Amino acid sequence: MRLSGGQLVVQMLRAYGVRYLFGVPGDTGLALYDALYQAQAQGEITHILARDERSAAFMADVYARVSSRPGVCEAPSGAGATYLASGLAEAHASSVPVVALTSDTPLRQEDRNVLTALDQPALFAPITKWRTLVKCAGMIPDALRQAFRVATTGRPGVTQVTLPMDVLAEEVEAPSLHAEAACRHYPAYRTRPDPAAVTQAAGLLRQARRPVIVAGGGVLLSGAWAELAALAELLGAPVGTSICGKGAISEFHPLSLGVVGGNGARPYANAVLRAADLILYVGCKTDSVTTDGWTLPPRTTDQAILHLDIDPNEIGRNYPTAVGLVGDARLGLADLVTAVSALGGQPHSDPLAPWAEEVDAFWADFEARAAASTTPIKPQRVIQALTRLLPAGSLIVADAGTPTPFTAAYLCSQAGRQVIIPRGHGGLGYALPGVVGARLARPQATVVGLMGDGSFGMSAGELETVARLGLPVIILQFNNGCFGWIKVGQKLCYGGRYFGVDFGATTDYAAVARGFGWQGVRVEHPDQVEPALRQALATDGPTFVDILSACETDELPPVTGWQRMWQGE
């Protein structure tokens, strides 16, 4: 049987169980689109037309995070590839498995200044685990097998396949179209850490008087929240998380600290971490945010550091590490539970008791701010409404900027993938396309996106995508009329000399959303927040709620560096 290169791509995607392909068309991908036309007619693969290639990558990213399947996106040559790159950078930095397909100008016209030609493997090299240029149609199945294998194994990440248009159009006798079943999901081919390292780490954990665990996104990627809770309970060890690790333990668990570090942390959580005599990092980078600029702990710390991670490059990267454990988070935590149990001993009792007053004060302050009747509306009011009204199992996709610190600090997540925040590069415009991937991955869940008006300008075209698909999602927009994150920095660091951060005041965002087919609601007073959210939850179609919100210059977010400057420290 002879198949075109485009048909081979589609058959391989089908073999890997790909349900959705997110993308934008271009001249160089016509042969692929013709093959997709036939596949979609047969109900095999659904192509999700995005309005921007970056949005397609964000959709695939969130779909992968929620579904435990690799996300797949596609884009054409030239500008399409460059637009896709910024979205892929976020997924790769956050260790999310995404397979990206980009069509390209014909191989037979190489080096002749063909319109949209560029060196795609070089473009994608810094933001992928692996990439290739396919030079004949018969190589497509091998290339895609490698792409799925590399994306889903070890530390997950992005892989990219360049498909020239003459390769996509070329017809060949069909080679083997088999797929590796293990790589249809992730993590594939899990590995355990060295048993000797597990034994050594278990001894140090049991000896520690004030152990604390810091969990990152690797716990969620591995599905290791049950094992993490078991180890914490066995030790009586409090658990903090990075922003990407939110949900690694239920934040209603008595040992949960919530997010730690420099962005979205609760002050008492950082205090507990500072007082620890041993810190176990699990699936977590010791990056500038989670460690508050490597002050939590300081790089010269006397605290014992243990680190469990699938990527050996992360262990010992910023701190002297007593024991490094290289392996899958779920298997490594299970092994630690077994080893610590074998040592006997009792868990530390009520390890958070010394901070009970700080905990109560933090939540009392939140409730007071959320109850304020002042306008513009405080972001805490929105988080409080979400906490009260969202049904169990809801998904939150929070954009960078205003939504991140307020969601990280105040919105308590159950265990598992409940809250998604882009922290690889923190690009704006993530939440609106992100809700598409979230809803397709978990169609029975209530899906809410949180974004600022700065993000609106970067992703508004996806309002049409959501309406076309008929997805009953909710967008809550914090409308503060500016790039608030930058503006507060100008206030604190440059004497309030605001430049290049303020928007026009005449945009009616709810009306714009209605023009795309959404229900559009404008909220101007705190008392309108809950009714608007109730109405959105009761609506079958998409609802956009534009909330006139306090700027960060007036309602300082829980960002430790800013708070220190605000207090004159």
### Task
Specify the residue that is least open to solvent (accessible area, probe 1.4 Å); the eligible residues are those in region 499-549 that are of a type in the set (D, E, K, R) and outside any helix (DSSP H, G or I).
Asp546
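I want to confirm something. Restricting to region 166-205 and keeping residues that are among the acidic types (Asp, Glu) and open to solvent by 70 Å² or more (accessible area, probe 1.4 Å), which single residue is farthest from Leu84 (Cα to Cα)? Give the derivation first.
At the first step, the residues of region 166-205 found to be among the acidic types (Asp, Glu) are 166, 170-171, 173, 180, 194.
Add one more test, that the residue is open to solvent by 70 Å² or more (accessible area, probe 1.4 Å), and what stays is 171, 173, 194.
On the way: Glu171: 28, Glu173: 32, Asp194: 39 Å.
Ranking the qualifying residues of region 166-205, first place goes to Asp194.
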#### Entry: From Thr300, Thr338, Thr286, residue being among the β-branched types (Val, Ile, Thr), in contact with a His (Cβ under 9 Å, 6 or more places away or on another chain) and either assigned to a loop (DSSP other than H, G, I, E, B) or open to solvent by 20 Å² or more (accessible area, probe 1.4 Å) (or both)
Thr286
### Given (1) open to solvent by less than 10 Å² (accessible area, probe 1.4 Å); (2) out of contact with any Ser or Thr (no Cβ under 6 Å at 6 or more places or on another chain), number of the condition Leu163 does not satisfy
(2)
### Query
How many residues does region 469-523 contain that are touching a residue at least 40 places away in the same chain (Cβ under 8 Å), of a type in the set (Phe, Trp, Tyr) and farther than 17 Å from Ser549 by Cα?
2
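One line per residue, one yes/no per condition, for (1) open to solvent by 60 Å² or more (accessible area, probe 1.4 Å); (2) farther than 21 Å from Pro443 by Cβ:
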site: Met59; (1), (2): no, no
site: Ala75; (1), (2): no, yes
site: Val98; (1), (2): no, no
site: Asn113; (1), (2): yes, yes
### Query
In region 406-443, how many are in contact (Cβ under 8 Å) with a residue 12 or more places away in the chain, not in a helix (DSSP H, G or I) and not charged (D, E, K, R)?
18
### Message
Can you tell me which condition Ser373 does not meet? The list is (1) within 30 Å of Gly452 (Cβ to Cβ); (2) part of a loop (DSSP other than H, G, I, E, B); (3) free of Cβ contacts under 8 Å to residues at least 40 places away in the same chain; (4) of a type in the set (S, T, N, Q), and all the others hold.
### Response
(3)
### Query
Can you tell me how many residues in region 459-498 are surrounded by fewer than 19 Cβ atoms within 10 Å (Cβ to Cβ) and touching a Gly at 6+ places or on another chain (Cβ under 7 Å)?
4
### Summary
Within region 460-487, residues being more than 23 Å from Phe22 (Cβ to Cβ) and assigned to a loop (DSSP other than H, G, I, E, B) number 3
### Task
Could you run through region 115-157 and say how many residues are open to solvent by less than 40 Å² (accessible area, probe 1.4 Å) and over 28 Å from Gly218 (Cα atoms)?
6
#### Entry: Failed condition for Gly424, given (1) more than 30 Å from Ala538 (Cβ to Cβ); (2) open to solvent by less than 10 Å² (accessible area, probe 1.4 Å); (3) under 18 Å from the mean Cα position of the chain (by Cα)
(2)
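Does Thr387 count as open to solvent by 10 Å² or more (accessible area, probe 1.4 Å), at pLDDT below 95 and farther than 21 Å from Val96 by Cβ?
no
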### Task
Would you please list the contacts, defined by Cβ atoms under 9 Å and residues six or more apart or on different chains, that run from a residue in region 172-192 that is of a type in the set (A, V, I, L, M, F, W, C) and modelled with pLDDT of 95 or more to a residue that is open to solvent by 70 Å² or more (accessible area, probe 1.4 Å) and assigned to a loop (DSSP other than H, G, I, E, B)?
Ala182/Tyr189; Cys183/Tyr189
### Message
Pull out all pairs, ordered by first then second residue, where Cβ-Cβ is under 8 Å, the residues are six or more apart or on different chains, the first lies in region 27-51 and is in contact (Cβ under 8 Å) with a residue 24 or more places away in the chain, and the second is part of a loop (DSSP other than H, G, I, E, B) and open to solvent by 60 Å² or more (accessible area, probe 1.4 Å).
### Response
Tyr33/Pro25; Ile45/Arg19; Thr46/Arg19; Leu49/Pro25
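Residues that are surrounded by fewer than 24 Cβ atoms within 10 Å (Cβ to Cβ), at least 3 per element: which strands (runs of 3 or more DSSP E) completely within region 206-265 meet that? Show your work before the answer.
Details: elements: 211-215, 239-241, 256-259.
Of the strands (runs of 3 or more DSSP E) lying wholly inside region 206-265, none has at least 3 residues that are surrounded by fewer than 24 Cβ atoms within 10 Å (Cβ to Cβ).
If we scan region 290-300, do we find a residue that is under 17 Å from the mean Cα position of the chain (by Cα) and closer than 21 Å to Pro156 by Cβ? Spell out the reasoning first.
Residues of region 290-300 under 17 Å from the mean Cα position of the chain (by Cα): 290.
Then keep just the ones that are closer than 21 Å to Pro156 by Cβ; that gives 290.
Yes: one or more hits.
The values are calculated or read from the model by the stated rules, or taken from the named source; none is laboratory data. Worth saying up front: this structure is predicted, and the values here are computed from it rather than measured. Heads up, the Cβs are rebuilt from the backbone with ideal geometry, glycines too, and the neighbour counts pull from every protein chain shown. The accessibility values were calculated without ligands, DNA or RNA, using every heavy atom of the protein model including side chains. Shrake-Rupley method; radii C 1.70, N 1.55, O 1.52, S 1.80 Å.
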